[in-house]
1. Would you check which residues across the range 88-139 are closer than 26 Å to GLY69 by Cβ, more than 11 Å from the ligand (Cβ to nearest atom) and of a type in the set (D, E, K, R) and list them?
2. Pull up the range 17-54, narrow it to residues that are open to solvent by 100 Å² or more (accessible area, probe 1.4 Å) and either more than 16 Å from the chain's Cα centre (by Cα) or of a type in the set (Phe, Trp, Tyr) (or both), then point me to the one that is farthest from the ligand (Cβ to nearest atom).
3. Condition first: open to solvent by less than 20 Å² (accessible area, probe 1.4 Å), part of a loop (DSSP other than H, G, I, E, B) and within 30 Å of HIS17 (Cα to Cα). Now tell me which residues in the range 81-139 satisfy that.
4. Could you list, in sequence order, all residues of the range 55-79 that are touching a residue at least 60 places away in the same chain (Cβ under 8 Å) and open to solvent by 40 Å² or more (accessible area, probe 1.4 Å)?
Amino acid sequence: MKSSVYNATVIELPKIHNVAGNITAIDNTESIIPFDVKRIYYLYDVPGGESRGAHAHKELQQLIIAASGSFDITLDDGTTKRTFNLSKPYYGLYLPSGIWREINNFSSGAICLVLASHVYKADDYIRDYEQYLKFKKSS
Ligand code: TYD
């Protein structure tokens, strides 16, 4: 897999501003994100000090949004690490396939909203870091 942490980008999402509250809408017809969304999931009630992720996906692409609160995402392509802080609901981090990621420093009440290119498949995960490094070398 040739993807590198430099293929991850922060995408500014449309924001419909209203004094009574804002709306951000994303759909498959407006090429805001570079894949069709097949699944949405969200992480919430993350206890203080916990970290999530610590895996890579062989095929899955994702857009990760701090729908509420904030958290850090550290990406690692086996050569380089990059950390992004997400704290605004109108920015999404586009994550190509083949990147190791860890998510931590969740603020209280944070919601990590994920738009994903595929339905859930357990065999798309690489959960062992040494295996991930081998996967990067061989692909
Ligand atoms: P996982 O993706 O490992 O969570 P994280 O990266 O946030 O630490 O998923 C945790 C558990 O939830 C795992 O047992 C698989 C399950 N799961 C699903 O069943 N469907 C899904 O869409 C996702 C994302 C996870």
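The values are calculated or read from the model by the stated rules, or taken from the named source; none is laboratory data. Fair warning: this is a prediction, and the values are worked out from it, not measured in the lab. Cβ coordinates were reconstructed from backbone atoms using ideal geometry, including for glycine residues, and neighbour counts include every protein chain displayed. These accessible areas exclude ligands, DNA and RNA; they are computed on the full protein's heavy atoms, side chains included. Shrake-Rupley method; radii C 1.70, N 1.55, O 1.52, S 1.80 Å.
1. Within the range 88-139, just LYS88 meets the criteria.
2. Filtering the range 17-54 for residues that are open to solvent by 100 Å² or more (accessible area, probe 1.4 Å) and either more than 16 Å from the chain's Cα centre (by Cα) or of a type in the set (Phe, Trp, Tyr) (or both), the one farthest from the ligand (Cβ to nearest atom) comes out as VAL19.
3. PRO96, ALA110, SER117, listed by residue number.
4. Residues satisfying the conditions are LYS58, GLU59, THR79.
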